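Asker: I have a structure I would like to understand better, so I am pasting it below and will then ask my questions one at a time.
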Amino acid sequence: MNRVAQSYPARALAAGLEGSVAVSLTVSSGGRVSACRVTQSSGETVLDEAACTAFARYARFRPALDPQGQPTRGLYSTSVRYSLS
């Protein structure tokens with residue numbers, strides 16, 4: 001998840017914006033993020049959007065398994081802190 005926090009949006013850097021974004025991710029049976037929902041906003045749209053974009057681009061997961069042991073869709077909740085210091 002380091003790469004997500006490091007993908008600081010240029011507009012936010014230029015404006016000196018910081019914040020924490022909590023998200024709920026839907027993980028496909030292939031281990032990729034297929035949907036992202038902000039569950040607690042940073043208060044800055046640019047940071048909220050950047051978090052979902054970065055998770056979709058960089059995050060990879062071991063998929064959840066159904067009762068038969070086959071990969072299936074799952075949910076994962078996390079947060080990212082965008083900080084200039």
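The values are calculated or read from the model by the stated rules, or taken from the named source; none is laboratory data. Given the structure is predicted, the values throughout are model-derived calculations rather than measurements. Cβ atoms come from the backbone with ideal geometry, glycine included; neighbour counts cover every protein chain shown. Remember, those area values only see protein heavy atoms, side chains included, never the ligands or the DNA or RNA. Shrake-Rupley method; radii C 1.70, N 1.55, O 1.52, S 1.80 Å.
Asker: Restricting to region 16-64, name every residue that is of a type in the set (A, V, I, L, M), within 9 Å of the chain's Cα centre (by Cα) and in a helix (DSSP H, G or I).
Answerer: Ala50, Ala51, Ala54, Ala56
Asker: Go through region 1-24 and give me each residue that's in contact with an Asp or Glu (Cβ under 6 Å, 6 or more places away or on another chain) and within 13 Å of Phe55 (Cα to Cα). Before you say what the answer is, go through the steps one by one.
Answerer: Quick first cut of region 1-24, residues in contact with an Asp or Glu (Cβ under 6 Å, 6 or more places away or on another chain) only: 17, 19, 21.
Val21 - this is the single residue of region 1-24 that is in contact with an Asp or Glu (Cβ under 6 Å, 6 or more places away or on another chain) and within 13 Å of Phe55 (Cα to Cα).
Asker: Going through Leu75, Leu13 one at a time, which residue ends up being part of a helix (DSSP H, G or I), in contact (Cβ under 8 Å) with a residue 40 or more places away in the chain, loosely packed, with under 14 Cβ neighbours inside 10 Å and among the aliphatic types (A, V, I, L, M)?
Answerer: Leu13
Asker: So, one more: Among the residues of region 54-69, what is the count of those that are of a type outside the set (Phe, Trp, Tyr) and in contact (Cβ under 8 Å) with a residue 12 or more places away in the chain?
Answerer: Residues meeting the conditions: 8.
Asker: Can you name every residue in region 31-68 that is among the hydroxyl-bearing types (Ser, Thr, Tyr) and either under 21 Å from Glu18 (Cα atoms) or touching a Leu at 6+ places or on another chain (Cβ under 8 Å) (or both)? Spell out the reasoning first.
Answerer: First, pick out the residues of region 31-68 that are among the hydroxyl-bearing types (Ser, Thr, Tyr): 34, 39, 41-42, 45, 53, 58.
The answer is Thr39, Ser41, Ser42, Thr45, Thr53, Tyr58.
Asker: In addition: Look through Ala51, Ala35 and report the one residue that is of a type in the set (A, V, I, L, M), in contact with a strand residue (DSSP E or B) (Cβ under 6 Å, 6 or more places away or on another chain) and under 15 Å from Arg3 (Cβ atoms).
Answerer: Ala51 is the lone residue from the list that is of a type in the set (A, V, I, L, M), in contact with a strand residue (DSSP E or B) (Cβ under 6 Å, 6 or more places away or on another chain) and under 15 Å from Arg3 (Cβ atoms).
Asker: Could you please find all residues in region 16-42 being closer than 12 Å to Tyr82 by Cβ, of a type outside the set (S, T, N, Q) and open to solvent by less than 60 Å² (accessible area, probe 1.4 Å)?
Answerer: Selection gives Gly16, Leu17, Gly19, Val21.
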